[in-house]
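Have a look at the structure below before the remarks.
The values are calculated or read from the model by the stated rules, or taken from the named source; none is laboratory data. Bear in mind that the values here come from a model prediction, so they are computed numbers and not experimental data. Neighbour counts are summed over all protein chains in view; Cβ atoms, including those assigned to glycine, are modelled from backbone coordinates with ideal geometry. What goes into the accessible areas is simple: the full protein's heavy atoms, side chains included, and nothing from ligands, DNA or RNA. Shrake-Rupley method; radii C 1.70, N 1.55, O 1.52, S 1.80 Å.
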Amino acid sequence: GDSVTQTEGQVTVSESKSLIINCTYSATSIGYPNLFWYVRYPGEGLQLLLKVITAGQKGSSRGFEATYNKEATSFHLQKASVQESDSAVYYCALRNSNNRIFFGDGTQLVVKP
Amino acid sequence: EAGVTQSPRYAVLQEGQAVSFWCDPISGHDTLYWYQQPRDQGPQLLVYFRDEAVIDNSQLPSDRFSAVRPKGTNSTLKIQSAKQGDTATYLCASSRLGGYTGQLYFGEGSKLTVL
């Protein structure tokens, strides 16, 4: 079935250092999935960070970027230089052909000053 | 544009009690989702509607959970005879199918604790 895996429950990075949060997926629908990163900042609701609909494309927002790699079935989130304000929980998600959206378990990013 | 509104924000129950959660989606959004998010896990789909029709409720524990969206706008998720395992945050999300890019708009959630 369709699923998303985030292997790290928490990632700690010093401010101004680079970040990568891993995401791999399993999908059965031909021509899908569409891939997303959602984020929950402290005290706020879940919101979309970026999305990529087509394999091979890259999405970016707020200095974050992620590339839809169909061969590796991956959609890792990266940022070159994190800030303390990036501390949040990040969720990788996929949408299948039945319009169901599956989420990973989330990765808590802690940015140390 | 007003966001997705959920109530109540918090509920604390004894096992066996019932609770209802209410969701008001963004105006004009025809698709509405209910997710269950246990602590330290990702959101897990319970049910989703297009207008008033249930499209997928395959993950809804039908013996105790029910969800309705009678006029294709607001929705109610009800849990009968709650169990400790139902402790979680219940998230409502909406989207517009036309021109759909997959983005969901979430409410702040209703946090349920079953003692």
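For the range B:54-92, the set of residues classified as under 15 Å from B:Thr31 (Cβ atoms) and modelled with pLDDT under 95 consists of B:Val54, B:Ile55, B:Asp56, B:Asn57, B:Lys71, B:Gly72, B:Thr73, listed by residue number. Identify all residues within the range B:58-105 that are over 10 Å from the mean Cα position of the chain (by Cα) and among the aromatic types (Phe, Trp, Tyr); write none if there are none. Selection gives B:Phe65, B:Tyr100, B:Tyr105. When restricted to residues that are open to solvent by 10 Å² or more (accessible area, probe 1.4 Å), more than 14 Å from chain B (Cβ to nearest Cβ) and touching a Leu at 6+ places or on another chain (Cβ under 9 Å), the range A:87-110 contains 1. So if I check each of A:Ala72, A:Ala80, which one is open to solvent by 70 Å² or more (accessible area, probe 1.4 Å) and more than 14 Å from chain B (Cβ to nearest Cβ)? Result: A:Ala80 is the single residue among A:Ala72, A:Ala80 that is open to solvent by 70 Å² or more (accessible area, probe 1.4 Å) and more than 14 Å from chain B (Cβ to nearest Cβ). So, A:Ile20, is that one surrounded by fewer than 14 Cβ atoms within 10 Å (Cβ to Cβ) and assigned to a strand (DSSP E or B) or not? Yes: the conditions hold for A:Ile20.
If you go through the range B:1-20 and pick out every residue that is open to solvent by 60 Å² or more (accessible area, probe 1.4 Å), touching a residue at least 60 places away in the same chain (Cβ under 8 Å) and within 14 Å of another protein chain (Cβ to nearest Cβ), you end up with 2. I'd like to know if the range B:21-44 contains one or more residues that are touching a residue at least 24 places away in the same chain (Cβ under 8 Å), more than 12 Å from B:Leu77 (Cα to Cα), of a type in the set (A, V, I, L, M, F, W, C) and buried (at least 18 other Cβ atoms within 10 Å of the Cβ). Checked the range B:21-44: no residue is touching a residue at least 24 places away in the same chain (Cβ under 8 Å), more than 12 Å from B:Leu77 (Cα to Cα), of a type in the set (A, V, I, L, M, F, W, C) and buried (at least 18 other Cβ atoms within 10 Å of the Cβ). The residues of the range A:33-55 that are in a loop (DSSP other than H, G, I, E, B), facing another protein chain (nearest Cβ under 10 Å) and more than 15 Å from B:Asp40 (Cα to Cα), listed by number, are A:Pro33, A:Gly43, A:Glu44, A:Gly45, A:Ile53.
Of the residues making up the range B:45-64, those that are in a strand (DSSP E or B) and either free of Cβ contacts under 8 Å to residues at least 12 places away in the same chain or of a type outside the set (D, E, K, R) (or both) are B:Leu45, B:Leu46, B:Val47, B:Tyr48, B:Phe49, B:Ala53, B:Val54, B:Ile55, B:Asp56. Considering the range B:71-115, and only residues there that are in contact (Cβ under 8 Å) with a residue 24 or more places away in the chain, open to solvent by 50 Å² or more (accessible area, probe 1.4 Å) and at the interface with chain A (Cβ under 9 Å from one of its Cβ atoms), the residue that is farthest from B:Leu13 (Cα to Cα) turns out to be B:Leu97.
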